[in-house]
Each structure stands twice: as C-alpha cells, then as structure tokens.
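**Student:** Before I ask anything, here is the structure I am working with.
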Amino acid sequence: MSDCIFCMIANQEIPSKVVYEDDRILVFHDLEPQAPVHVLMIPKKHIASLDELTEEDAGLIGHLMLKVKEVASLLGLENGYRLVNNCGEDGMQTVKHLHFHLLGKRKMIWPPG
Ligand code: 5GP
Ligand code: ZN
C-alpha cells in the first residue's frame, strides 16, 4: 500500500534499523523504544491488522511466529521477553499494518496499561 508507513519501510523507501529480514518478514527497531530492546516484526505483505488475517496468511504468520525465538536470541533476550499486538481502536493500534512488538531487557509489568 503506497500510503502505509510500514510498507514504505519494507520497501526501503523509509530507512529503518533492520535486525532481521527475509523474503516474507522484516524486523526493525521501533522509533520510540518502550524498553531497552524494542523491535517491530512485520509481514512484508500489507495486512492492516490481526482482524484482517485470512486462512491464506496462515503460513506467513506461522513463519513470523516461529522467527520470534530466533530474533529474541539474536537480541540477547535469554531472560525472556514480551510479544505484543495492538489491534484496532481499543487496542490502541496506531499504524494500520500488522506488527508485533518484541520487548525485552527489562522486567515487564502486568496487567499492561
Ligand atoms: P502501534 O501503536 O500501532 O501498536 O505501534 C506502532 C509503533 O510504530 C510505535 O511503537 C511507533 O513508535 C512505531 N513507529 C511509528 N512510525 C515509525 C517509523 O517511521 N519507524 C519506526 N522504526 N517505528 C515507527
Ligand atoms: Zn502496509
């Protein structure tokens, strides 16, 4: 999608600090980190949110989920981490391209705000 900021990042039209990339997904540092480690994991394909996922994307999202532990290990998160998805208005999703926040290197609190 031409007006989507994360599509632009995936297409390298906007620079980002890339942590991991393959043909289907991209992982890059969040612009406003909320933890010492805060990266965003996105499918390169434009999917607006978890609500827009279809059966067709099962393999893609399975691939992304299986990469979480690999990226966590790459970033030295051996003591644990938190994976977050904000969906829709109540979920406080601000960028309408599916993404998962991977946060670590600090003790998280529960419940989240
Ligand atoms: P959301 O609130 O939609 O779950 O998360 C969007 C995230 O994207 C926020 O944590 C925000 O800091 C990050 N973000 C927004 N614009 C950019 C950008 O241009 N580059 C990067 N690296 N992160 C961004
Ligand atoms: Zn997009």
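FYI, it's all coordinate maths here, none of it is from the lab. Just so you know, these numbers come straight off a predicted model, no measurement behind them. Note that each Cβ is placed from the backbone with ideal geometry, even for glycine, and that neighbours are counted across all protein chains shown.
**Student:** Go through the stretch 5-16 and give me each residue that's touching a residue at least 12 places away in the same chain (Cβ under 8 Å) and within 11 Å of ligand 1 (Cβ to nearest atom).
**Tutor:** If the condition is that a residue be touching a residue at least 12 places away in the same chain (Cβ under 8 Å) and within 11 Å of ligand 1 (Cβ to nearest atom), then I5, F6, I9, S16 are the ones that fit.
**Student:** While we're here: So which residues in the stretch 73-90 are among the small types (G, A, S) and in contact with a helix residue (DSSP H, G or I) (Cβ under 9 Å, 6 or more places away or on another chain)?
**Tutor:** Within the stretch 73-90, the subset among the small types (G, A, S) is 73, 76, 80, 88.
Listed by number, the residues that qualify are G80, G88.
**Student:** Also, I was wondering about something else. Output the residue which, of all residues in the stretch 1-28 that are of a type in the set (D, E) and over 19 Å from F100 (Cβ atoms), is surrounded by the fewest Cβ atoms within 10 Å (Cβ to Cβ). Give the derivation first.
**Tutor:** Step one: list which residues in the stretch 1-28 are of a type in the set (D, E), which gives 3, 13, 21-23.
After this cut, where a residue has to be over 19 Å from F100 (Cβ atoms) as well, the list is 3, 13.
Working: D3: 7, E13: 10.
If we take residues in the stretch 1-28 being of a type in the set (D, E) and over 19 Å from F100 (Cβ atoms), then D3 is surrounded by the fewest Cβ atoms within 10 Å (Cβ to Cβ).
**Student:** May I ask you to say which residue of G76, G91 is among the small types (G, A, S) and within 11 Å of ligand 1 (Cβ to nearest atom)? Explain how you work it out, then say what you get.
**Tutor:** On the way: G76 fails: within 11 Å of ligand 1 (Cβ to nearest atom).
Every option except G91 fails the conditions.
**Student:** Go through the residues of the stretch 66-85 one by one and say whether even a single one is within 16 Å of ligand 2 (Cβ to nearest atom), surrounded by fewer than 17 Cβ atoms within 10 Å (Cβ to Cβ) and not hydroxyl-bearing (S, T, Y).
**Tutor:** Restricting attention to the stretch 66-85, the residues satisfying the condition of being within 16 Å of ligand 2 (Cβ to nearest atom) are 85.
If we keep only those that are surrounded by fewer than 17 Cβ atoms within 10 Å (Cβ to Cβ) too, we end up with 85.
In the following step, the residues that additionally are not hydroxyl-bearing (S, T, Y) were identified as 85.
Yes, that holds for at least one residue.
**Student:** Return the only residue of V84, V71 being under 18 Å from R106 (Cβ atoms) and touching a Pro at 6+ places or on another chain (Cβ under 9 Å). Working first, answer last.
**Tutor:** Working: V71 fails: touching a Pro at 6+ places or on another chain (Cβ under 9 Å).
Every option except V84 fails the conditions.
Quick grid of which residues meet (1) among the aliphatic types (A, V, I, L, M); (2) out of contact with any Phe, Trp or Tyr (no Cβ under 8 Å at 6 or more places or on another chain); (3) more than 16 Å from ligand 2 (Cβ to nearest atom); (4) part of a loop (DSSP other than H, G, I, E, B):
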site: S16; (1), (2), (3), (4): no, no, no, yes
site: V39; (1), (2), (3), (4): yes, no, yes, no
site: I42; (1), (2), (3), (4): yes, no, no, no
site: G59; (1), (2), (3), (4): no, yes, yes, no
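**Student:** Further question: For the stretch 23-35, enumerate the residues that are in contact (Cβ under 8 Å) with a residue 12 or more places away in the chain and outside any strand (DSSP E or B).
**Tutor:** So the first thing to find is which residues in the stretch 23-35 are in contact (Cβ under 8 Å) with a residue 12 or more places away in the chain, and the list is 23-30, 34-35.
Matches in the stretch 23-35: D23, R24, D30, Q34, A35.
**Student:** Let me ask something else. If I ask for residues that are over 14 Å from V84 (Cα atoms) and under 13 Å from the mean Cα position of the chain (by Cα), which ones from the stretch 28-44 would you list? Step through it out loud before you land on a result.
**Tutor:** Taking the stretch 28-44 first, the residues over 14 Å from V84 (Cα atoms) are 28-29, 31-32, 36, 43-44.
Correct list: F28, H29, L31, P43, K44.
**Student:** Which of the following residues is touching a residue at least 24 places away in the same chain (Cβ under 8 Å), under 15 Å from Q34 (Cα atoms) and either assigned to a loop (DSSP other than H, G, I, E, B) or of a type in the set (A, V, I, L, M) (or both): R82, R106? Reasoning before the result, please.
**Tutor:** On the way: R82 fails: either assigned to a loop (DSSP other than H, G, I, E, B) or of a type in the set (A, V, I, L, M) (or both).
From the options R82, R106, the qualifying one is R106.
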